[in-house]
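Below: one structure, written as structure tokens.
The values are calculated or read from the model by the stated rules, or taken from the named source; none is laboratory data. A quick note: this is a predicted structure, and the numbers were derived from the prediction, not measured. Virtual Cβ from ideal backbone geometry, glycine too; neighbours counted across all protein chains shown.
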């Protein structure tokens, strides 16, 4: 009985680890071409989809911009896992244009993710780096 309980506990821990989404974590955007600032975006499951919330905004030198108006804003939503590190069907809010675009993401590695917004088949994007 004791061996069965240990095996069940090990299976539960393994299952929980396997279910963690590979895109989940804290990501650093590229620096803005206009301001030089960058963001940290917390990407996490929201139901069966993936969402991203702006955690902080930073000056190019790494200083946090205190009480920035976009802190806490949902930037990515309704992103659906497609397999092999690909995500599609979601939306992304672009801070520089303050507009929403159709979006897709692709994990390039454990530490890099391509994030794109598209309109009428034309896409622009950034490669984000994992912070944690």
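Quick notes
- Of the residues making up region 105-122, those that are in contact (Cβ under 8 Å) with a residue 12 or more places away in the chain and closer than 26 Å to residue 36 by Cβ number 12.
- Qualifying residue in region 89-97 (condition: at pLDDT below 95 and under 12 Å from the mean Cα position of the chain (by Cα)): no
- Here residue 96 fulfils each of the conditions (1) over 24 Å from residue 20 (Cα atoms); (2) in contact (Cβ under 8 Å) with a residue 12 or more places away in the chain; (3) surrounded by 13 or more Cβ atoms within 10 Å (Cβ to Cβ) apart from (3).
- For region 10-43, a tally of residues being more than 20 Å from residue 96 (Cα to Cα) and either at pLDDT below 95 or loosely packed, with under 11 Cβ neighbours inside 10 Å (or both) returns 13.
- Residue 66 being free of Cβ contacts under 8 Å to residues at least 60 places away in the same chain and under 15 Å from the mean Cα position of the chain (by Cα): no
- Residues being exposed (fewer than 13 other Cβ atoms within 10 Å of the Cβ) and at pLDDT 95 or above - total across region 111-123: 1
- Here residue 92 does not fit the description of being touching a strand residue (DSSP E or B) at 6+ places or on another chain (Cβ under 8 Å) and under 13 Å from residue 42 (Cα atoms).
- For region 98-125, a tally of residues being in a strand (DSSP E or B) and more than 12 Å from the chain's Cα centre (by Cα) returns 11.
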